[in-house]
1. Out of (1) under 21 Å from Asp3 (Cα atoms); (2) surrounded by 11 or more Cβ atoms within 10 Å (Cβ to Cβ), the odd one out for Thr48 is which?
2. Step by step: first the residues of the range 49-72, then only those that are of a type in the set (Phe, Trp, Tyr) and more than 8 Å from the chain's Cα centre (by Cα), then the one that is farthest from Glu8 (Cα to Cα). Which residue is that?
3. What number of residues within the range 1-49 satisfy the criterion of being at pLDDT 95 or above and under 11 Å from Ala62 (Cβ atoms)?
4. Going through the range 56-76 one residue at a time, which ones are modelled with pLDDT of 75 or more, more than 29 Å from Ala24 (Cα to Cα) and aliphatic (A, V, I, L, M)?
Amino acid sequence: MKDSQIKEMAKKRVEFKDHIMIYAIINAILIFINFYYSPSYFWFPYVTVFWGIGIVFHWRDAYYGVEEMRIEREYKKMKGKK
């Protein structure tokens, strides 16, 4: 694995962790706003779920997204089976 690939992977993982922190903070604020101003209608789950779907894609990209690394990993699996 090349040094540039490792650096790219590390950058994506740091960005993903930042995204999770922002997700948690903003959703906590939105839950508070929802319960304080309109407790009879729960709208915060819409934001949480759809943003959560984006988080899942970001996680996949951060941990499994570098195509060259996926190819290399698959190659090593196949080579080991011989």
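The values are calculated or read from the model by the stated rules, or taken from the named source; none is laboratory data. Being a predicted model, the structure only gives us computed values, none of them experimental. Backbone-built Cβ (ideal geometry, glycine too); neighbour counts: all protein chains shown.
1. Tallying (1) under 21 Å from Asp3 (Cα atoms); (2) surrounded by 11 or more Cβ atoms within 10 Å (Cβ to Cβ), Thr48 fails exactly one: (1).
2. Phe50
3. Within the range 1-49, residues that are at pLDDT 95 or above and under 11 Å from Ala62 (Cβ atoms) number 7.
4. Ile71
Residues are listed down the side, and each one gets a yes or a no for (1) β-branched (Val, Ile, Thr); (2) assigned to a helix (DSSP H, G or I); (3) touching a Cys at 6+ places or on another chain (Cβ under 8 Å):
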position	(1), (2), (3)
Lys17	no, yes, no
Tyr23	no, yes, no
Phe42	no, no, no
Tyr46	no, yes, no
Gly52	no, yes, no
Val56	yes, yes, no
